[in-house]
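Take this structure, written in structure tokens, and hold onto it; I'll ask about it next.
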Amino acid sequence: MIDRPAIFITGAAAGIGRATAELYAAKGWFVGLYDLAGSACEGLRQQFGPEFAISESLDVTDVAAFEAALTRFWAKTGRLDVMFNNAGILHTGDFAEMPLARHHALVDVNLKGVINGAHAAFPFLKQTRRSALINMASASAINGTPAFATYGATKFAVKGLTEALSIEWAQHGIRVMDLLPLFVATPMVHNVAAPPKSVGRLGIKLKADDIAAMVWSASQWRLWPRTHWYPGIQTKLLAWANKLLPAMVNRYSTKLVTGY
Ligand code: NAD
């Protein structure tokens with residue numbers, strides 16, 4: 001077993017995954033870097049010092065490849081302190097106009113990819129003391145958002161999965177949490193061809209480093225079970241409003257922000 005804690009990160013080549021990898025490497029952790037873009041992960045591994053990281057090309061929708069990657073990670077580390085299910089894709093637009101294949105791709109990567117990761121990681125998390133599974137949800141899981149219908153549906157599902165597993169896996173000493181940020185300045189948001197109105201109206205206030213810092217806080221949190229993490233004031237306000245205000249008010253403000 002290696003003498004430093006170890007994290008396995010999907011979607012590590014860019015955005016939030018990359019920022020998280022950099023933070024954990026700076027904290028002295030062993031970092032597993034996994035992404036479709038394997039060469040970018042290899043670049044990061046060289047940057048961190050080849051002996052302090054492992055990098056592989058991985059498609060989170062490929063169950064056998066996911067299991068094999070985790071087995072190789074375990075063979076090298078003998079521990080899995082944090083499993084960060086971060087890889088995700090975004091397609092936005094009117095639901096009916098978006099080709100069905102895009103809706104299905106969102107479910108395959110954002111939901112099934114997270115289920116694949118949780119399922120494959122479980123035996124290793126169980127064998128590691130005080131381990132944590134951290135899933136990337138989104139503020140799209142706070143209320144149903146026009147132009148983000150299926151993306152949001154996958155994130156609602158991730159939130160539900162996280163909540164269930166946080167109770168189911170407590171008996172094994174595994175903490176299970178998710179993060180639900182509003183827009184973060186990453187290639188995901190910058191590369192959207194025709195950004196929905198809500199992006200302009202709410203603005204992009206969060207940076208990938210803010211999210212990485214919250215992943216770190218969540219992984220270090222030991223005081224009481226704290227399942228959902230809302231990065232930034234804007235996201236927290238949205239979550240509180242959704243809990244405290246009547247449904248009609250939330251519906252109206254969502255219409256206002258999204259322009260539907
Ligand atoms: P990003 O596009 O910048 O990076 C995502 C990474 O995931 C890319 O490197 C990509 O190659 C990888 N990836 C995509 N499909 C994959 C697959 N099938 N297998 C393996 N890797 C794959 O996106 P990001 O903004 O860093 O998003 C990371 C996570 O955060 C996603 O789950 C996203 O839904 C979530 N999120 C992002 C925002 C935001 O505004 N950026 C807000 C809330 C939640």
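Pop out the ³J(HN,Hα) list for the range 51-63 in order, Karplus 6.51 cos²θ - 1.76 cosθ + 1.60 with θ = phi - 60°, rounded to Hz; leave Gly and Pro as x.
Listing the rounded values in order: 7, 9, 7, 10, 9, 8, 7, 8, 9, 5, 7, 9, 4 Hz.
Restrict the search to the range 1-101; then list the GluC sites (Glu not before Pro) that DSSP places in a loop and that have at most 10 other Cβ atoms within 10 Å of their Cβ.
E97
Under 15 Å from the Cβ of K243, count the other residues' Cβ atoms, weight Lys and Arg +1, Asp and Glu -1, and hand me the total.
Charge balance near K243 sits at +2.
Just to be sure I understand the curve: with the Debye formula and one point per C-alpha of the chain, what is log10 I(q)/I(0) at q = 0.08, 0.11, 0.13 Å⁻¹?
-0.30, -0.57, -0.79
Then there's this: Among rounded, prolate and oblate, which fits the range 1-127 when a ≥ b ≥ c are the square roots of the eigenvalues of its C-alpha gyration tensor, a/c under 1.5 means rounded, and a/b larger than b/c means prolate?
prolate
Within 10 Å, count the other beta carbons around each residue, average over each peptide in 157-166, 32-41, and list them highest first.
Top to bottom by mean Cβ count within 10 Å: 32-41, 157-166.
Relative to the longest principal axis of the chain, what angle (0 to 90°, nearest 10) does the C-alpha long axis of helix 15-26 take?
So the inclination is approximately 40 degrees.
Could you work out the relative contact order of the chain? I mean the mean sequence separation of Cα pairs under 8 Å and 6+ apart, divided by the number of residues, in percent.
Computed over the chain, the figure is 18 percent.
At 222 nm, what helix-only mean residue ellipticity would the chain give, in deg cm²/dmol to the nearest 500, using -39500 (n - 2.57) for each DSSP H run of four or more?
Calculated at 222 nm, the ellipticity per residue is -15000 deg cm²/dmol.
Amide H of K207 versus every other amide H placed in the peptide plane: which residues, excluding those fewer than 5 positions away on the same chain, fall under 5 Å?
Those lying under 5 Å, H to H, from K207 are A185.
Can you give the accessible area of D210 in Å² (nearest 10), computed on protein heavy atoms with a 1.4 Å probe?
Surface accessible to solvent at D210 totals approximately 60 Å².
Still on this structure: Might you tell me the accessible area per residue for the chain, computed with a 1.4 Å probe and given in Å²?
Solvent-accessible surface per residue comes out at 47 Å².
Taking θ as phi - 60°, what are the ³J(HN,Hα) couplings along the range 236-245 by the Karplus curve (6.51, -1.76, 1.60), each to the nearest whole Hz, with x for Gly and Pro?
For the range 236-245, the Karplus-derived couplings read 4, 4, 4, 5, 5, 4, 5, 7, 9, 8 Hz, x marking Gly and Pro.
Step through the residues of the range 66-72 one at a time and calculate ³J(HN,Hα) from phi using the Karplus curve (6.51 cos²θ - 1.76 cosθ + 1.60, θ = phi - 60°), rounding each to whole Hz and writing x for Gly and Pro.
Per-residue couplings from phi come out as 5, 5, 5, 5, 5, 5, 5 Hz.
Hey, any idea what % of the chain's accessible area is carbon plus sulfur with a 1.4 Å probe?
60
Turning to a different aspect of this structure: Using a 1.4 Å probe and counting only protein heavy atoms, arrange K27, K243, K155 so the residue with the most accessible area comes first.
Sorted descending by solvent-accessible area, the residues read K243, K27, K155.
Where does the charge balance sit around V176 when Lys and Arg score +1, Asp and Glu -1, over other residues with C-beta under 10 Å from its C-beta?
That works out to -2.
Do the alpha carbons of any pairs in K27/K159; K205/K255; K27/K236; K126/K236 sit beyond 24 Å of each other, and which pairs?
Over 24 Å Cα-Cα: K27/K159; K27/K236; K126/K236.
Separate question: Take the Cβ-Cβ distance between R251 and A37 as r, set R0 to 35 Å, and report the resulting FRET efficiency rounded to the nearest 0.05.
Result of the calculation: an efficiency of 0.35.
Could I ask something else about it? For the range 6-258, with the dipole built from +1 on Lys and Arg beta-carbon atoms and -1 on Asp and Glu ones, taken about the Cα centre, which of A164, A239, V215 lies farthest toward the positive end?
Working it through, the farthest residue towards the positive pole turns out to be A239.
Follow-up. Measuring from centroid to centroid over Cα atoms, what is the spacing of the range 32-56 and the range 100-154 in Å?
22
Considering only P195, N86, A53, whose Cα is most displaced toward the positive end of the charge dipole of the range 42-196, charges sitting on Cβ of Lys, Arg (+1) and Asp, Glu (-1)?
Checked the options; the winner is A53.
Let me ask you something else. Give, rounded to the nearest 20 debye, the magnitude of the charge dipole that the chain has about its Cα centre when Lys and Arg contribute +1 at Cβ and Asp and Glu contribute -1 at Cβ.
Magnitude of the dipole: close to 860 debye.
The values are calculated or read from the model by the stated rules, or taken from the named source; none is laboratory data. This is a predicted model, so every value here is computed, not measured. Every residue, glycine as well, gets a Cβ built from its backbone with ideal geometry; the counts of neighbours run over all protein chains shown. Side chains included, ligands, DNA and RNA excluded: accessible areas come from the protein's heavy atoms. Shrake-Rupley method; radii C 1.70, N 1.55, O 1.52, S 1.80 Å.
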